[in-house]
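The values are calculated or read from the model by the stated rules, or taken from the named source; none is laboratory data. Keep in mind it's a predicted model, so treat the numbers as computed, not measured. Ideal geometry is used to build each Cβ from the backbone, glycine not excepted, and the neighbour counts take in all protein chains shown. Accessible surface areas use protein heavy atoms only, side chains included; no ligands, DNA or RNA. Shrake-Rupley method; radii C 1.70, N 1.55, O 1.52, S 1.80 Å.
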Amino acid sequence: MGSVFHAFPQLRTAAPRLARRLFVCRPCLNSPARAFPLRTWSRQPSVLQSVRWTSTQPLRSSAATAEASAAAAATRSSAKSSSWPKTSSKGVAYWLLGSAASVFGIVIFGGLTRLTESGLSITEWRPVTGSLWPGSQAEWESEFDKYRASPEFKQLNSSMDLADFKQIYFMEWAHRLWGRAIGITFLLPTAYFIARRRVTPSMAWKLAGICGMIGFQGFIGWWMVKSGLKDDLFAEGSHPRVSQYRLTAHLGAAFAVYCSMLLTGLGILKENRMLANPAKAAEWVRTIQHPALRLFRASVAGLSLLVFITAMSGALVAGLDAGLIYNEFPWMGLGLTPPKKELFDPFYSHVPDQSDLWWRNMLENPSLVQLDHRILATTTFTAILAFFAYTRFAKSVRAKLPKDAKAGVMGLVHLVSLQATLGISTLIYMVPTWLASAHQAGALALLTGAVVLYSRISMPRRAILRQIMNKPQVPKSVQAQPLRSRISASQAES
């Protein structure tokens, strides 16, 4: 047999192809979906061999081969990613919004815990056993003995009895239990949604990140409480209180968790609405990408950041009890600001050369901390009103701005007006508990309005944009263009 191949080298080259030709039926042979393994030879066929083979079986064109390869690759890719949805379920969005509402509530309840001076009543951090309510008289006596050893009891509450202690203990215990409930009701559904493929891969990472933020928030809470249980963490003879730095970190982390839940939930609902009506969504994309709205979108992000910073300055005011001085507005004593010597007092400097004079006073001097909060609050109020005027009097913005964005801007004006009223009233009436709690709720409500407005004008994920632009409801003239070209063309036409 070998001598035959040596005598007829053309037969040696064509043998594998002849076997395929003779022993495979024609429908299977011409089917582009099947692939037959062929033995490759190092020797290239001659021109005569190529002509003979072409006469026996027409070769498929290179374009058809490339198309078949692309189809096979797409099939393999879709098979790998078919277990993950293209967009997250609406149920996930509603769960996120419910979790955000729970975080909103615990922030307000935490403020009440601080205002009633109940935050230092539990002197230990027991993540598991600490969730149990003391069930016997001996357990209550044990908890009360631990509180008696704290600086707060020795300097402020030395006349407190067990009945009064139970009241403040309940506030702190309920606050901690609520935090544990938020952690459990977020961690377990997150694991379920990821295991059942109810969310996209990117959303799975976002949910895992929020879980980590919740756990870290619990640690920050104890780190804050711990600062009020030791005499060496505050000046000798001063009012026992938690560190204003740690209080601000605790509140800021809570705000970050809340905004993450809110923005993520709203984003899922927005993606589902856009996929349900691709034609309307494509028109919205063209509108929101108009150059006239570029400054508007940047301004919304800037306002959200300004509201957050103002709220954090309010946490410094609360931590230092700075709202109990200069209880008038807009004056602070004899003028709009206290004397410079009072604002930059060398008493707050911790180094001999006083190189930390400025930042120490800005963060630890109650007079300057209150002044900073007044300036930031006034700036926020003025900026939102100016932003509202810009959307009403700039013709290009007013003509292109979607209706829901206009409603969001109007909502911001109402919220900032209410918050300014609450803040001034809290200061004038020397921080009553109910009014101070309402002022804190107003700060988070104002941040909510800014986040909702940002969600309404932000672009969806690129994968969602591709799906929208490739839907049959979208005009073919728009579908034929690449995504970037569509956006640029829409901007040029406008």
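Observations
- With a simple spin-label model that places each label point 7 Å from the Cα along the Cα-to-Cβ direction, the separation between Arg398 and Ala191 comes to 5.6 nm.
- Here the simple spin-label model places points 7 Å from the Cα toward Cβ, and for Ser142 and Asp356 these points are separated by 4.0 nm.
- Cα centroid separation, the stretch 317-364 to the stretch 110-129 (Å): 29 Å
- When the pairs Lys146/Lys226; Lys280/Lys395; Lys280/Lys403; Lys154/Lys230; Lys146/Lys166 are compared against a 21 Å limit on Cα-Cα distance, Lys280/Lys395 fall above it.
- The stretch 149-157 - phi-based ³J(HN,Hα) in whole Hz, Karplus 6.51/-1.76/1.60, Gly and Pro as x: 7, 7, x, 4, 5, 5, 9, 10, 10
- Surface share of carbon and sulfur [accessible, 1.4 angstrom probe, percent] for the stretch 401-469: 68 percent
- Three-way shape call for the stretch 105-177 based on the alpha-carbon gyration tensor, with the a/c threshold at 1.5: oblate
- A cut-off of 5 Å between modelled amide H atoms, ignoring neighbours fewer than 5 places along the same chain, links Met332 with Thr337.
- Computed 3J(HN,Hα) for the stretch 130-136, one whole-Hz value per residue from the Karplus formula 6.51 cos²θ - 1.76 cosθ + 1.60 where θ = phi - 60°, is x, 7, 8, 6, x, x, 9, glycine and proline marked x.
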